[in-house]
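The values are calculated or read from the model by the stated rules, or taken from the named source; none is laboratory data. Just so you know, these numbers come straight off a predicted model, no measurement behind them. Here Cβ is always computed from backbone atoms with ideal geometry, including for glycine, and neighbour counts include all displayed protein chains. Surface areas here come from the heavy atoms of the whole protein model, side chains and all, with no ligands, DNA or RNA. Shrake-Rupley method; radii C 1.70, N 1.55, O 1.52, S 1.80 Å.
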Amino acid sequence: MANVVVVGAQWGDEGKGKIVDWLSERADVIARFQGGHNAGHTLVIGGKVFKLSLLPSGIVRAGKLAVIGNGVVLDPWALFTEIDKLAAQGVAISTDNLMIAENTPLILPLHQDLDKLREDAAGKAKIGTTGRGIGPAYEDKVGRRVIRVADLADRDTLEARLDRLLAHHDALRQGLGATPIDRAELTEKLLEIAPKLLPYAAPVWKVLGEMRRAGKRILFEGAQGSLLDIDFGTYPYVTSSTTMSGMAATGTGLGPSAIGFVLGIVKAYTTRVGEGPFPTELLDEDGQRLGERGHEFGTVTGRKRRCGWFDAVLVRQTCAISGVNGIALTKLDVLDGFKTLKICVGYEIDGVRYDYLPTAAALQARVVPIYEEMDGWSESTQGARSWAELPAAAIKYVRRIEELIQCPVAMLSTSPERDDTILVTDPFAD
Ligand code: GDP
Ligand code: IMO
Ligand code: MG
């Protein structure tokens, strides 16, 4: 039985939430394996809009198990705010349909403080983070001083963890001109949330392993995008987690052999939020038009997303690194009405041609995209549910993308609505 990993193949916001929601009908378990509430995944189901940050997108379907894996960084207060928001929309969440890995690191208010203090101190050199404390929490995890879900069950353990954590943070805060942490207040806050959070805690690696052996289908939901990956993204303008497919295994506790099909989610053009290089960025009317037609505003921070032409060089690169078997191409409808479309097919840097994005920041800053022009289409593709409904020029555009990125299209999306989706190859098929 194939399990499917969904990863963003660009800079995030490719439409992962919509595709995961659609695919979750075919899955038994939907598991997040990295990131935190920096993610913003929008689902539109029969006109009703659901915005998810921390909860797996499969949570909206009854009878499915949603899992938060150990690769995630979890803000427990943000979690319960989201659970309450969804409850108000009619989605019931309990220990029957949500499980959290007991070794998941927690994001605390001090992580958000540090995220903001650092961004403010960086001035023009800021990353443009979501301010959710993601980077500082991952740093503490790797620094072996983070508090994890299971630590909340025992006061002595918690106190010992806090000793180590606060010694580090108080020194940092002093350097940044901030007040020391109020330890008593933080301890109280943690002891207060503990009885709410702990019932969800479980050895996810074991439960998922058993489900896998019982033939259940697992859908792994990635957040962010491959170009925000800590190793392979446009460093340092990245997030602090591994956003590539391999993380699905270590971020939940299943071996890589559990992964059957890697589905890369790809927007039919390119966007990015925050700072950092963006070779095909458009600062002209075309960019504005993409932003308006695509409603390109961040779900989490409300920031305007930067927009540009499709960059086949980058997507070929990320598909290779994540071992993508097929892509879901989203937001094709946003391109309706463009007379001409451009696709980036290579780069030129100081007169030298590149078929990939080199790592050196100095080279990235001098990238000149090489474009291929294609005819646009005047017909509407919005809401198309079969190939037959697509104009010839749109099909040509999709086929050219497949050729350039060396990866087939498994799914197509033509509107935010769940069912405005074309299935070409079932990622769950054996
Ligand atoms: P994610 O972070 O990858 O889940 O993506 P977001 O939800 O942040 O951003 C994608 C946005 O595009 C959301 O508002 C979706 O409702 C919307 N969307 C998804 N697929 C399509 C599509 O095919 N066409 C259009 N027009 N909008 C889409
Ligand atoms: P989804 O899952 C787009 C970006 C931020 C910033 C950088 C680092 O909705 O695709 P962080 O707060 O993670 O330390 O910020 O990463 N970023 C995203 N951009 N979509 C996301 O998630 C993102 N999550 C983080 O804008 O540039
Ligand atoms: Mg998003």
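In table form, for the structure just shown:
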| read-out | value |
| --- | --- |
| Average accessible surface area per residue within the range 109-197, 1.4 Å rolling probe, Å² | 54 |
| Between 0 and 90°, nearest 10: helix 109-122 axis offset from the chain longest Cα axis | 50 |
| Where labels lie 7 Å past Cα in the beta-carbon direction, separation of Ser257 and Thr301 in nm | 4.2 |
| Probe 1.4 Å - accessible area at Arg26, Å² to nearest ten | 80 |
| From the C-alpha gyration tensor of the range 258-344, square roots of 5λ in Å | 23, 15, 13 |
| Paired Rg and Dmax values of the range 266-423, which use every Cα atom, in angstrom | 15.5, 46 |
| Accessible area (Å², 1.4 Å probe, nearest 10) - Glu373 | 120 |
| Protein-only accessible surface order, largest first, of Val44, Val29 at 1.4 Å | Val44, Val29 |
| Most mobile of Pro56, Pro369, Pro180 in a GNM of the chain (Cα contacts under 10 Å) | Pro180 |
| Probe 1.4 Å - accessible area at Arg148, Å² to nearest ten | 100 |
| Pairwise Cα inverse-distance average, inverted: Kirkwood Rh of the range 169-318 (Å) | 19.3 |
| For the range 161-212: span of alpha carbons on each principal axis (Å, largest first) | 50, 22, 15 |
| For peptides 221-231, 324-334, sequence by mean Cβ density within 10 Å, most packed first | 221-231, 324-334 |
| Ratio of the Cα radius of gyration of the range 1-125 to 2.2 N^0.38 Å, where N counts its residues | 1.12 |
| Carbon plus sulfur fraction of accessible area for the range 109-197, probe 1.4 Å, in percent | 50 |
| Rg(Cα) / (2.2 N^0.38 Å) computed for the chain, rounded to two decimals | 0.98 |
| Accessible surface ranking that places the most exposed of His168, His295 first, with a 1.4 angstrom probe | His295, His168 |
| Across Lys141/Lys189; Lys18/Lys48; Lys85/Lys189; Lys16/Lys116; Lys51/Lys85; Lys18/Lys64, pairs whose alpha-carbon gap is larger than 18 Å | Lys141/Lys189; Lys85/Lys189; Lys16/Lys116 |
| Kirkwood-based shape ratio for the range 295-357, expressed as Rg/Rh from alpha carbons | 1.02 |
| For the range 338-424, projected area of the alpha-carbon convex hull averaged over all directions, nm² | 7.1 |
| Solvent exposure ordering (accessible area, 1.4 Å, most first) of Trp205, Trp22, Trp387 | Trp205, Trp387, Trp22 |
| Alpha-carbon Rg with Dmax, taken over the range 126-216, Å | 16.7, 55 |
